[in-house]
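Just below is one structure, and these are the notes that go with it.
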Amino acid sequence: MDKFAHAGAVLASFAIRRPVTITMVFISLLIMGLGASRYLPLEKFPGIDFPELFIQVPYQDATPGEIEKMITRPVEEALATMSGIKRLRSVSNENSAEINIRFDWDANIKAKSIEAREKIDAIRHLLPADVERVMVFKFNLADMPVFQLRLSSDRDISNSYDLLERNLKMPIERVKGVSRVELYGVQKKQISIRLDPDRVAALHVDVALLTQTLRDANFSMTAGQFFDLDQKITINPSGEYQSKEEIADIIVMRNVRLSDIAEVKYETPKAVEGRHLDKTHAIGLNIFRESGANLVEVSTAVMAEIENAKNSTAFSGINVFVMQDEATSVTQSLQDLINSGLVGGFLSIIVLYLFLRNLATTLVVVLSVPFAICITLACMYFMGYTLNILSLMGLMLAVGMLVDNAVVVTESIFQEREKSDDIIEATKKGVSLVSLAVIAGTATTVIVFLPNIVGVKAELTVFLEHVAVSICISLVASLVIAQTLIPLLTTKLKIKPKLVQQKTSRLKTVYERILRWTIAHQKGTAAIAVAILLSTAIPMSLLKSDEDSNNNQDRIWLNYDIQGNYSLEEVEKSVAKMEDYLYANKEKFHIKQVYSYYTAGFAVSGITLEDDLPVKVKDLKNDIKETLPLFARAKPSFQWDQGSGGGVRLTLFGQSSENLLRLANQIVPVMNSVEGLTDVKTDVDGQDFELQLSVDREKAFRFGLSSSDVANIVSTALRGTNLRTFRGEAEGEVSIKLMFDEALQTSVEKLRNLTIFRDENQNVTLDMVATMKVEPRLSQIQRSSRQTSLSIGGNLEADVTVDEARERIERIMQNIELPSGYSWSLEGSFQRQDEDESIMLTNMILAIIMIYIVMAALFESLMLPTAVLTSLFFSFTGVFWAFLITGNAMTVMGMIGMLILMGIVVNNGIVLVDRINHLANMGMSVPDAIIEGCLSRVRPILMTVLTTVLGLLPLALGDVSIGGDGPPYAPMAIAIIGGLLFSTVTSLFLVPLAYLLLLKVRRATVAMISESKQVVSKVIKAA
């Protein structure tokens, strides 16, 4: 304790002796902070590498069953040997195999991606020969598009690729900070070689040989070099196509040119997806920024290019809709936080002035806030952190706490100056008296975040790290300022602060009377304390645990749940019908705009709502569903909520996808009857069909054909064959595709009559060597942990918590008997909530232990930290009662508030116990030391508590949320405010009582040990 007092006095003495040095140091830090605020990258979330790998193996126009057997299972078996896998999931659909691997957060994801590629390369020979590529993706939050644009027009712009590329895509790509631009919904024209099956058969053209001929005719290579006149000359034979006409003129057989058997033409590839905006065809544009680029600056520059494009004559009649602008979301969220911080800071200044009644003293105390924030920004810049909504949230939480150390030090200095005319010595003594208290208070506040920074990594703790860093740096900075700059500035204040005699004396009189009663009636007070602690059981039994809900009031998504793999045109009819309904009720449903996306067998509509919605989103959804028109091919429902909040999921595991779908169809109606669950459905539809083609090997052999020959010709006829690209001077790089006539893709009869081969006497058609039949199949096959699975999901109504939904679902599932080998588990929100709550509970226990260790080490005592910890337990009582009174459920954001509260709330106890212990060591009796110590510290305690509470009040009362559309800050602020206020009121009386009782226990223990020693010594002497 003497060492800390001496260290505080030394720092204050150095600051007072070297005022210019200290001033220059802090001005330099201030300038560095202001500069860092300009250069710190601004983004929504920090660039965090998620410990996930996404492997995609494209394999067009295959069945899910085929892909599962030939691709998914072999790849899964290879990847399952990797270490550290937490979750392995896969989806097999008709176009690709998709495998998702989740690792522990401490895994080196870059090394894992390399290992995954090596594992897949090792089994590449087991995959189908025509698998062209295997893609391995990593996911980083910085990889998300910063802009999502949608373009629509009354005229057809589906063929406007060149216009959009020249006038919009390329200018945006040139913007500083933009890494790439994706243009989709409009396709570049390709050269299509449409074979006439009758001519091909009549002229005996071998399609396989024709394909090879066309590939060989379009080449570019290096054939070595030779030397002439001592110069090296490279030989480059070139056979690249120069024009469409040249392709048509290629000789494919003797006296047969390509134009004799095919039509060569420019053609827009057939659309496989569509978009509508305001009931017209739309085109999408995604814009990505470079790593480290300032989000707002990039956004501003991109918007300028968009405005230039909109004003050009080429864009006449084209509407540009900004579907998502991350910069707007970030600036709005940051502005909300800044506004809340300014309001809270202003209220804190008013409170300080009311207590101190001296403007100069108030300004000296408040000065620690901008200096601490600037130092924090400078440190974040040099440590490689970014300015995002998480780091700003940490600064916002710290604003109310940054003046705590300055208040305690200033109050102690002026108390000593009232006793002495020597300003310098009084300042040194005032700092030394509270050095241990402010160091211990800062250390305990900082230490609670240590488990989140260096402990077991999870999604929650990785995000909390960015909150913790800004809080910890700012608090340490405020500690240094309180020990150096504040003492220096107080010596320049020649006038003593005017204390509010009347109000202060009344407050102290009442407090002293209650405190003396507490000490005089220790048993009664202890009983009251126990009763208060036991009362915690009341709110705990009534409170429900819930997951943090999203707060997105801007857009809701409607999933069509198409009942079959209908064509793009048929799905578009359903989309058009839904859009007609929504726009007919545009004012009733408060709709600003409707954007739809659809493919064959799938469609979804995003409904953008008006600003300042007068009704709840839940009620609006109910209104839309009540008058929803009937659809022959769809069962529309609102999309499952994603991310944090809302959606719940039950996953079935088993051996057969068909049996899982049958079980799911039995469970869905039961779950639909559960109160509080809406939009319940499976995520797999079993209504798709496939045309199975069975080649008769004997018949094919008679005509000199193999099964693969037949399959290759059918493949070319239906999905075509990609050839080497064509490079034209004006068109650039253009794809070339060899295909049969389009009629084959729409008529089973024409496919049956497709000529496979022509011998001397007849045409050999497909139906002569193969049979065809239509069979139902699943649209996709899911696997989880290498086991076939199927998910049933739904949304929670606004007044239903995750815990309530869990109880109800588990109750009904206990009455459903699944076949042997089949099981179920709760995932989605249930799993996320369990993981987050487990992590937070573990970190809170570790925080309590570390708080005790830090205080024991600083106080060099086991008794004093025990007395301080009593304030911690009463703060939990305040938190639960605050949640019950405000009607909030216990969420992860609330638990984060409790974690932060633990570091704050012990500060009051530290300040009290430190002062009481100091007076007791000076020879004062314990009761007198308690009275005197508490009365001298009640003012700084009330000031620090009120500044913290008022700093958080705007967050508790407002609707500010993370990112503008994420979980609200209110539960966290309510937890801190409720716990801090309740703990302050109780700890002002119960911490001194705990200190007194612990002293009695220690004396009784010492006396008992002393008596025992005497008894033992007497026994030994008697023996």
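Looking across region 10-57, just one residue is among the β-branched types (Val, Ile, Thr) and under 26 Å from Ser329 (Cβ atoms), and that is Ile48.
No other residue among Arg194, Arg215 is at pLDDT 75 or above, part of a helix (DSSP H, G or I) and out of contact with any His (no Cβ under 9 Å at 6 or more places or on another chain) apart from Arg215.
Candidates in region 276-310 are the residues that are surrounded by fewer than 22 Cβ atoms within 10 Å (Cβ to Cβ) and among the basic types (Lys, Arg); of these, the one that is modelled with the lowest pLDDT is Lys310. Is it the case, given these coordinates, that Asp130 is surrounded by fewer than 16 Cβ atoms within 10 Å (Cβ to Cβ), acidic (Asp, Glu), touching a Lys or Arg at 6+ places or on another chain (Cβ under 8 Å) and not in a strand (DSSP E or B)? So Asp130 does not fit the description; no. The residue of region 49-69 that is nearest to Asp106 (Cα to Cα), among those that are touching a strand residue (DSSP E or B) at 6+ places or on another chain (Cβ under 7 Å) and part of a loop (DSSP other than H, G, I, E, B), is Tyr59.
For every residue, the table says whether it meets (1) within 15 Å of Leu990 (Cα to Cα); (2) surrounded by fewer than 24 Cβ atoms within 10 Å (Cβ to Cβ); (3) among the charged types (D, E, K, R); (4) under 43 Å from the mean Cα position of the chain (by Cα).
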site	(1), (2), (3), (4)
Gly897	no, no, no, yes
Val905	yes, no, no, yes
Leu912	yes, no, no, yes
Ile916	yes, no, no, no
Met922	no, yes, no, no
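A search for C-beta distances below 9 Å between a residue of region 606-619 that is surrounded by 13 or more Cβ atoms within 10 Å (Cβ to Cβ) and any residue that is outside any loop (DSSP other than H, G, I, E, B) and among the basic types (Lys, Arg), counting only pairs 6+ apart in sequence or on different chains, returns Gly606/Arg555; Ile607/Arg555; Ile607/Lys592; Thr608/Arg555; Thr608/Lys592; Leu609/Arg555; Leu609/Lys592; Glu610/Lys592.
Given Glu425, Glu416, Glu411, which one is in a helix (DSSP H, G or I), more than 24 Å from Met855 (Cβ to Cβ), in contact with a helix residue (DSSP H, G or I) (Cβ under 7 Å, 6 or more places away or on another chain) and of a type in the set (Asp, Glu)? Criteria check complete, one pass: Glu416. Determine whether Thr72 is in a helix (DSSP H, G or I), surrounded by 17 or more Cβ atoms within 10 Å (Cβ to Cβ) and β-branched (Val, Ile, Thr). The answer is yes for Thr72.
Hey, among the residues in region 234-249 that are assigned to a helix (DSSP H, G or I) and touching a residue at least 40 places away in the same chain (Cβ under 8 Å), which one's surrounded by the fewest Cβ atoms within 10 Å (Cβ to Cβ)? Please lay out each step first, then the result.
Step one: list which residues in region 234-249 are assigned to a helix (DSSP H, G or I), which gives 244-248.
Add one more test, that the residue is touching a residue at least 40 places away in the same chain (Cβ under 8 Å), and what stays is 244, 247.
Details: Lys244: 17, Ile247: 21.
My answer is Lys244.
Might you check whether a residue that is closer than 20 Å to Tyr385 by Cβ, part of a helix (DSSP H, G or I), in contact with a helix residue (DSSP H, G or I) (Cβ under 6 Å, 6 or more places away or on another chain) and aliphatic (A, V, I, L, M) occurs anywhere in region 451-463? Yes, region 451-463 contains a residue that is closer than 20 Å to Tyr385 by Cβ, part of a helix (DSSP H, G or I), in contact with a helix residue (DSSP H, G or I) (Cβ under 6 Å, 6 or more places away or on another chain) and aliphatic (A, V, I, L, M).
Do we find a residue being in contact (Cβ under 8 Å) with a residue 60 or more places away in the chain and touching a strand residue (DSSP E or B) at 6+ places or on another chain (Cβ under 8 Å) anywhere in region 369-385? Yes, there is a match, as at least one residue in region 369-385 is in contact (Cβ under 8 Å) with a residue 60 or more places away in the chain and touching a strand residue (DSSP E or B) at 6+ places or on another chain (Cβ under 8 Å).
Taking residues in region 301-319 that are farther than 17 Å from Phe147 by Cα, and partners anywhere that are modelled with pLDDT under 75 and among the hydrophobic types (A, V, I, L, M, F, W, C), the pairs with Cβ atoms closer than 7 Å and at least 6 places apart or on different chains are Ile318/Ile157. Quick check on region 639-657. Is at least one of its residues modelled with pLDDT of 75 or more, in a helix (DSSP H, G or I) and among the charged types (D, E, K, R)? Looking through region 639-657, none of the residues is modelled with pLDDT of 75 or more, in a helix (DSSP H, G or I) and among the charged types (D, E, K, R).
In region 297-386, counting only helices (runs of 4 or more DSSP H) that sit wholly within it, the ones holding 2 or more residues that are in the same structural domain as Val408 (by TED's automatic domain parsing), within 35 Å of the chain's Cα centre (by Cα) and aromatic (Phe, Trp, Tyr) span 368-383. In region 88-104, the residues that are under 17 Å from Phe653 (Cβ atoms) reach residues that are among the aromatic types (Phe, Trp, Tyr) and assigned to a strand (DSSP E or B) with C-beta atoms within less than 7 angstrom, at least six apart or across chains, in these pairs: Asn100/Phe54. Pairs are defined by a Cβ separation below 6 Å, a sequence spacing of at least 6 or placement on different chains, a first member in region 740-757 that is in a helix (DSSP H, G or I), and a second member that is modelled with pLDDT under 75 and buried (at least 16 other Cβ atoms within 10 Å of the Cβ); the pairs so defined are Lys750/Leu744; Leu751/Leu744. Cβ-Cβ distances below 9 Å connect the following pairs, each with a first residue in region 9-35 that is in contact (Cβ under 8 Å) with a residue 24 or more places away in the chain, a second residue that is among the aromatic types (Phe, Trp, Tyr) and surrounded by fewer than 17 Cβ atoms within 10 Å (Cβ to Cβ), and a separation of six or more residues or different chains: Ile22/Phe14; Met32/Phe382.
Could you tell me whether Thr1005 is surrounded by fewer than 20 Cβ atoms within 10 Å (Cβ to Cβ) and either of a type in the set (Lys, Arg) or within 35 Å of the chain's Cα centre (by Cα) (or both)? Against the criterion (surrounded by fewer than 20 Cβ atoms within 10 Å (Cβ to Cβ) and either of a type in the set (Lys, Arg) or within 35 Å of the chain's Cα centre (by Cα) (or both)), Thr1005 does not qualify.
The values are calculated or read from the model by the stated rules, or taken from the named source; none is laboratory data. On a predicted model such as this, the values are computed, not experimentally measured, just so you know. Quick reminder, even Gly has a Cβ in these numbers, built from the backbone with ideal geometry, and neighbours come from all protein chains shown.
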